[in-house]
Amino acid sequence: MTSEAVAILEGAGLSKSFGALTVLDNVDFTLRSDEAVGIVGPNGAGKTTLLTVLSGGLRSTGGVVRFRGADVTAVGAAERSRLGLVKTHQVPRPFSGMTAFENVYVAATAAGGLNGRGAHAACVEALELCNMLHVANRRAETLGLLDRKRLELARALATSPSVVLLDEIGGGLTDEETVQLVETIREMRRRGMAIVWIEHIVHVLLQVVERLVCMVSGRVIADGDPKAVMADPVVVEAYLGSGAT
Amino acid sequence: MSLVNLIAQGVLLGGYYALIACGLSLMFGVMRIVNLAHGDLAVLAAFLVLTISTTFDVSPFLALVVTVLIMAAVGWALQRFILERSLRSGLLVPLLATFGLSIALENMLFEAFGADTRSLGDLIGDLVFDSVEVTSAFSLSYLAMLIFGLAVALLGALSLFLKRTSLGRAIRATAEDPDTAELVGINARAVYGVAAAISVATVAVAGAMLAMRATFDPYSGPMQLIFAFEAIVIGGIGSLWGTLVGGVVLGLAQSVGATLNPKWFLLAGHLTFFAVLAGRLARDWGRARGGLRAALGF
């Protein structure tokens with residue numbers, strides 16, 4: 001991390017309620033342009049909601065989202081992805097009637113603003129990075145879980161993003177499959193993408209991120225060096241219940 | 001009437017049904033809206049072609065080009081100002097909204113043009129009755145062949161557009177999952193507008209062909225909607241080429257019915273639609289029961 005790196009994505013005072021249920025409660029979140037941040041927390045902590053608000057899929061009830069310094073709170077998900085801020089789904093949602101290649105091509109043309117050979121090259125690169133070239137011409141509905149997860153990543157990559165928000169991309173995969181995924185995400189880091197990654201499998205997360213945020217009940221309860229966060233008594237209690245410390 | 005003639009007339013008639021059905025199919029496929037005003041929009045287009053053609057004394061085919069553009073704009077506005085708002089309130093509201101639109105259109109057309117039955121047949125010269133005589137008992141109408149050709153061309157063009165162009169892929173992506181489409185940079189709202197514009201533009205072509213091959217009045221719309229709906233269901237919802245097959249099956253059923261007894265023209269079509277629907281329901285029910293048996297272990 002270099003000291004001159006600036007905050008590329010910011011959420012300030014973010015709140016989100018569904019009726020009487022408060023899912024995000026005054027959350028502040030900052031991501032620097034050269035950073036990979038992990039988000040952990042028990043189910044229902046508001047992690048996915050935070051990512052969805054940041055990506056524009058949901059409008060927050062309160063607070064501001066800034067991307068590259070500009071207020072994008074009122075900007076929709078499509079425009080945000082064209083600006084370079086993209087999110088993957090927790091449960092893969094490929095366009096199942098299309099081939100894997102077409103899935104990625106749609107993203108390259110719509111969000112990446114590419115066409116013709118440029119779009120084609122970007123798709124090949126994204127599929128290659130995700131080890132998917134061999135299934136490029138298969139219909140997405142015929143792909144297994146690992147390839148669907150990879151397709152989520154490849155589709156996000158084809159939008160030429162500067163920030164990628166990953167929602168449990170490793171969930172449900174075997175250890176061996178996870179190793180490949182971690183390698184892909186590391187490569188994304190090397191290519192200069194900033195990453196926010198929600199994951200329950202903490203040891204996987206720690207192979208990639210240099211900062212960890214822990215959320216409980218819609219609030220951020222810890223934020224900092226991953227090892228320090230995981231050792232924080234408040235975090236341990238949130239995970240294992242009172243009496244564990 | 002020879003069997004070959006019977007089949008040929010049925011197939012050509014099916015071309016018209018495919019033509020009127022493809023817009024309904026597209027709108028349902030992309031927006032999940034059953035547009036109950038579909039037939040009335042076809043009749044509106046027919047009146048537009050008639051008005052432009054007689055007012056400016058131009059060929060109905062030239063008037064149709066202008067009408068297609070006008071109807072595309074109507075489709076876009078329909079989506080932006082009526083369907084988009086109603087879609088936010090669940091599935092029933094768009095159905096009611098298009099039903100209301102259907103009634104409003106019929107009454108507006110009645111107000112503007114009266115109850116007289118019209119046709120564009122007078123304006124297209126010999127095309128209305130010219131035919132190529134294959135044998136003494138078997139001839140093919142040029143107009144019917146033109147309509148069938150138009151249906152195939154339109155379905156082919158739409159199919160290519162959806163498969164090969166960026167906008168077409170964006171429409172397919174949005175049809176499957178609008179939220180995910182937004183995540184990859186597709187403006188779903190704009191895509192819906194384009195899909196509605198294309199859908200209603202195709203209705204304009206169908207409306208003009210209806211007016212050339214038959215007569216119409218302000219209340220002709222609902223019957224056209226039923227034909228379109230039957231063609232889509234027979235051919236399988238969501239498949240463009242299936243729509244052509246559905247249209248042809250419907251046309252054949254009506255031709256066969258009419259041959260047996262002139263009164264059975266419509267009835268045979270409706271019964272075929274009903275048989276296909278019942279067959280599908282029985283198959284699905286069989287599958288559901290099989291699934292239940294497997295789940296219960298016997």
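The values are calculated or read from the model by the stated rules, or taken from the named source; none is laboratory data. Source: prediction; values computed, not measured. Every residue, glycine as well, gets a Cβ built from its backbone with ideal geometry; the counts of neighbours run over all protein chains shown.
So is B:Asp57 among the charged types (D, E, K, R) and in contact with an Asp or Glu (Cβ under 8 Å, 6 or more places away or on another chain) or not? Taking the combined requirement at face value, the residue does not satisfy it. Scanning region A:91-105 for residues that are in contact with a helix residue (DSSP H, G or I) (Cβ under 6 Å, 6 or more places away or on another chain), assigned to a loop (DSSP other than H, G, I, E, B) and over 12 Å from B:Ala173 (Cα atoms) gives a single hit, A:Pro92.
Scanning region B:155-191 for residues that are of a type outside the set (A, V, I, L, M, F, W, C) and within 19 Å of A:Arg139 (Cβ to Cβ) yields B:Ser159, B:Lys163, B:Arg164, B:Gly168, B:Arg169, B:Arg172, B:Thr174, B:Glu176, B:Asp177, B:Thr180.
Within the option set B:Arg80, B:Arg118, being of a type in the set (Lys, Arg) and more than 17 Å from B:Leu210 (Cβ to Cβ) holds for one residue only, B:Arg80.
For region B:176-189, name all the residues that are facing another protein chain (nearest Cβ under 9 Å) and more than 13 Å from B:Leu78 (Cα to Cα). B:Glu176, B:Asp177, B:Asp179, B:Thr180, B:Ala181, B:Glu182, B:Leu183, B:Val184, B:Gly185, B:Ile186, B:Asn187, B:Ala188, listed by residue number.
Of all residues in region B:214-228, those satisfying the criterion of being buried (at least 22 other Cβ atoms within 10 Å of the Cβ), part of a helix (DSSP H, G or I) and of a type outside the set (A, V, I, L, M) are B:Gly221, B:Gln224, B:Phe227. Of everything in region A:45-68 that is free of Cβ contacts under 8 Å to residues at least 60 places away in the same chain and more than 16 Å from the chain's Cα centre (by Cα), the residue that is nearest to the other protein chains (Cβ to nearest Cβ) is A:Arg59.
Regarding region B:1-14, can at least one residue be identified that is modelled with pLDDT under 95, in a loop (DSSP other than H, G, I, E, B) and of a type in the set (Gly, Ala, Ser)? Yes, because at least one residue in region B:1-14 is modelled with pLDDT under 95, in a loop (DSSP other than H, G, I, E, B) and of a type in the set (Gly, Ala, Ser). Note on region B:109-200: enclosed helices (runs of 4 or more DSSP H) holding 1 or more residues that are touching a residue at least 12 places away in the same chain (Cβ under 8 Å) and aliphatic (A, V, I, L, M) are B:142-164, B:166-176. Restricting region A:71-105 to residues that are among the polar types (S, T, N, Q) and closer than 21 Å to A:Val196 by Cβ leaves a set whose member that is nearest to the other protein chains (Cβ to nearest Cβ) is A:Ser81.
Could you tell me whether region A:16-24 includes any residue that is surrounded by fewer than 23 Cβ atoms within 10 Å (Cβ to Cβ) and in a loop (DSSP other than H, G, I, E, B)? Yes - at least one qualifying residue is present in region A:16-24. Scanning region A:196-212 for residues that are surrounded by 19 or more Cβ atoms within 10 Å (Cβ to Cβ) and either touching a Lys or Arg at 6+ places or on another chain (Cβ under 6 Å) or in a loop (DSSP other than H, G, I, E, B) (or both) yields A:Ile198, A:Glu199, A:Val208, A:Val209.
Those residues that are within 12 Å of chain B (Cβ to nearest Cβ), part of a helix (DSSP H, G or I) and buried (at least 21 other Cβ atoms within 10 Å of the Cβ), I need them from region A:127-160; list them, please. Across region A:127-160, the qualifying residues are A:Ala140, A:Leu151, A:Glu152, A:Ala154, A:Arg155, A:Ala156, A:Leu157. In the set B:Ala42, B:Ala46, only one residue is of a type in the set (A, V, I, L, M, F, W, C), surrounded by 24 or more Cβ atoms within 10 Å (Cβ to Cβ) and out of contact with any Phe, Trp or Tyr (no Cβ under 7 Å at 6 or more places or on another chain); that residue is B:Ala42.
Taking the criterion of being within 13 Å of B:Met31 (Cβ to Cβ) and in contact (Cβ under 8 Å) with a residue 60 or more places away in the chain, the residues of region B:81-108 that qualify are B:Leu83, B:Glu84, B:Pro94, B:Leu95, B:Thr98.
For region B:71-83, a tally of residues being surrounded by fewer than 17 Cβ atoms within 10 Å (Cβ to Cβ), touching a helix residue (DSSP H, G or I) at 6+ places or on another chain (Cβ under 8 Å) and not small (Gly, Ala, Ser) returns 1. On the stretch given as region B:133-158, residues that are out of contact with any Gly (no Cβ under 9 Å at 6 or more places or on another chain) and under 12 Å from B:Leu240 (Cβ atoms) total 4. For region B:105-132, residues that are closer than 17 Å to B:Thr54 by Cβ and among the polar types (S, T, N, Q) total 2. Residue check: A:Ile201 meets all listed conditions (1) at pLDDT 90 or above; (2) more than 14 Å from chain B (Cβ to nearest Cβ) but one, namely (1). Checking the stated criteria, B:Val43 turns out not to satisfy the condition of being closer than 19 Å to B:Ala231 by Cα and modelled with pLDDT under 95. A residue that is of a type outside the set (A, V, I, L, M) and facing another protein chain (nearest Cβ under 10 Å) can be found somewhere in region B:149-163. Taken over region A:106-126, the residue count meeting the criterion of being more than 7 Å from chain B (Cβ to nearest Cβ) and outside any loop (DSSP other than H, G, I, E, B) is 12. Taking the criterion of being over 20 Å from B:Gln9 (Cβ atoms) and either part of a helix (DSSP H, G or I) or of a type in the set (Lys, Arg) (or both), the residues of region B:238-256 that qualify are B:Leu240, B:Trp241, B:Gly242.
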